[in-house]
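Trainee: Please see the structure below; I have some questions.
The values are calculated or read from the model by the stated rules, or taken from the named source; none is laboratory data. Keep in mind it's a predicted model, so treat the numbers as computed, not measured. Virtual Cβ from ideal backbone geometry, glycine too; neighbours counted across all protein chains shown. Only protein heavy atoms, including side chains, enter the accessible area calculation; ligands, DNA and RNA are left aside. Shrake-Rupley method; radii C 1.70, N 1.55, O 1.52, S 1.80 Å.
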Amino acid sequence: MGWPRLNIFLVTLLFLTNVSFAQTLVEEAKAPLSAETQEGVFVETIKIISASKKIFILTNNNQLLGKGDFISLALDNKLAARALVAKTHDGHTGIKILKIYSLSQWARLRKDQEVQIIRGDDTMFGKKVVEQKVTPTEEAPKIKSEEDLFNDRVTIDDGEFDDGSKRHIKPDNVVSIGAGFFSAKDIENQEARATQFSGAWAYQFTDNWFAEFVYARSQLEDYPAKTAVTLVNNVVGRLKYNFKAPLYSFIMPYIGFQSQTVSSNAGETGVAAADAAEIEAVDELKKVGPVFGVTILRRLVPGWFVKADLGTDVLNLGVAIEF
């Protein structure tokens, strides 16, 4: 190859190399910044969002979150909210939202979504938010215990975030299951007892007013006499009002209407007197009429309660979930 041709080849190769290198630089400049390349920023996944959207459960795969840490949540390098870490356990983290930076970003947060996490000071993140380093104050208190998860204070940049609701329990629905005891006197005046299982659904149709449907069932063996089996079905409709009580508890007095029906194989002995006594005992279990009582709820964790029903219709203890 002669020198003129060699020079042309080298110049052409150099030109193509420069063009290729320039294109790579332009493509890299246009590419979005990766969350992992920014110092102090990493990615976790949202696993659970409470009904009030103030408590989140995130993964802690990076093992970088600890109780009491201030963190920020972001999507596409845009800040959404500020939060405090309340608890870490078994690869997961519970956080309490303190401030909403962007309502549009906030509305995008959903279950099973990956979010960028900024631990500590977020003032330089994306160079769009200017915020003084958050310190524990009365407005943004440091979480000292899991009980701090249950307060309702959330702020946004231009003031308090409030949905205008006066509800003590924010979601519309509370579903529960429970168990108690049902007892009755047989024809020999002995007490027969059975476990009574119940399920209930309460709907909050306006602030703190609930309409509730309850179904309870119990089966008495050897009632009202030996070898007899008696099934008691109890259907109740209730109207309840919710009062807030100390220790994250709620008290709900109620009135309602009950229909208690009975099915039994009693009265099949063939002895008239015995059959009449058995049928009379079974008929005494049948009830139709008004009821009253009180329901007590004690919050265990966000969304879950221990529930006790103390009324003329049922007496039981169980668990409930809000949604």
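Trainee: From the list GLY303, GLY311, GLY289, GLY293, exactly one residue is under 36 Å from the mean Cα position of the chain (by Cα) and exposed (fewer than 13 other Cβ atoms within 10 Å of the Cβ). Which is it? I'd like the intermediate steps shown before the answer.
Mentor: Working: GLY303 fails: exposed (fewer than 13 other Cβ atoms within 10 Å of the Cβ); GLY311 fails: exposed (fewer than 13 other Cβ atoms within 10 Å of the Cβ); GLY293 fails: exposed (fewer than 13 other Cβ atoms within 10 Å of the Cβ).
One residue alone meets the criteria, GLY289.
Trainee: Which count do you get for residues in the range 181-204 that are assigned to a strand (DSSP E or B) and touching an Asp or Glu at 6+ places or on another chain (Cβ under 8 Å)? Explain how you work it out, then say what you get.
Mentor: Narrowing the range 181-204 to residues assigned to a strand (DSSP E or B): 181-185, 191-204.
Checking which are touching an Asp or Glu at 6+ places or on another chain (Cβ under 8 Å) leaves us with 183-185, 192, 194, 198, 200-204.
Residues that pass the stated criteria total 11.
Trainee: Right, here's the next one. Name every residue in the range 111-126 that is open to solvent by 100 Å² or more (accessible area, probe 1.4 Å) and over 14 Å from THR59 (Cα atoms), in order of residue number.
Mentor: ARG119, MET124
Trainee: List pairs: first residue in the range 41-57 and free of Cβ contacts under 8 Å to residues at least 40 places away in the same chain, second residue not basic (Lys, Arg) anywhere in the structure, Cβ distance under 6 angstrom, at least six positions apart or on different chains.
Mentor: Matching pairs, first to second residue: ILE57/ILE48; ILE57/HIS92; ILE57/GLY94.
Trainee: Of all residues in the range 45-85, which are more than 12 Å from the chain's Cα centre (by Cα), among the polar types (S, T, N, Q) and open to solvent by less than 50 Å² (accessible area, probe 1.4 Å)?
Mentor: Passing the criteria: THR45, THR59, ASN60, SER72, ASN77.
Trainee: Find all pairs meeting these conditions: Cβ atoms under 9 angstrom apart; at least six residues apart or on different chains; first residue within the range 275-300 and modelled with pLDDT of 95 or more; second residue of a type in the set (Asp, Glu) and assigned to a strand (DSSP E or B).
Mentor: Correct list of pairs: GLY293/ASP309; VAL294/ASP309; THR295/GLU212; THR295/ASP309; ILE296/ASP309.
Trainee: Which of the residues that make up the range 46-76 are aliphatic (A, V, I, L, M) and either in a strand (DSSP E or B) or on the phi > 0 side of the Ramachandran plot (or both)?
Mentor: ILE46, ILE48, ILE49, ILE55, ILE57, LEU58, ILE71, LEU73, ALA74, LEU75
Trainee: Can you name the condition, by its number, that PHE323 falls short on among (1) at pLDDT 95 or above; (2) under 30 Å from LYS53 (Cβ atoms); (3) exposed (fewer than 14 other Cβ atoms within 10 Å of the Cβ)?
Mentor: (1)
Trainee: Answer yes or no: is there a residue in the range 261-273 that is open to solvent by less than 70 Å² (accessible area, probe 1.4 Å), within 18 Å of GLY311 (Cβ to Cβ) and touching a residue at least 40 places away in the same chain (Cβ under 8 Å).
Mentor: No.
Trainee: Select from the range 206-236 the residues that are of a type in the set (A, V, I, L, M) and either exposed (fewer than 14 other Cβ atoms within 10 Å of the Cβ) or within 19 Å of PHE250 (Cβ to Cβ) (or both) and write down the one among them that is modelled with the lowest pLDDT.
Mentor: VAL229
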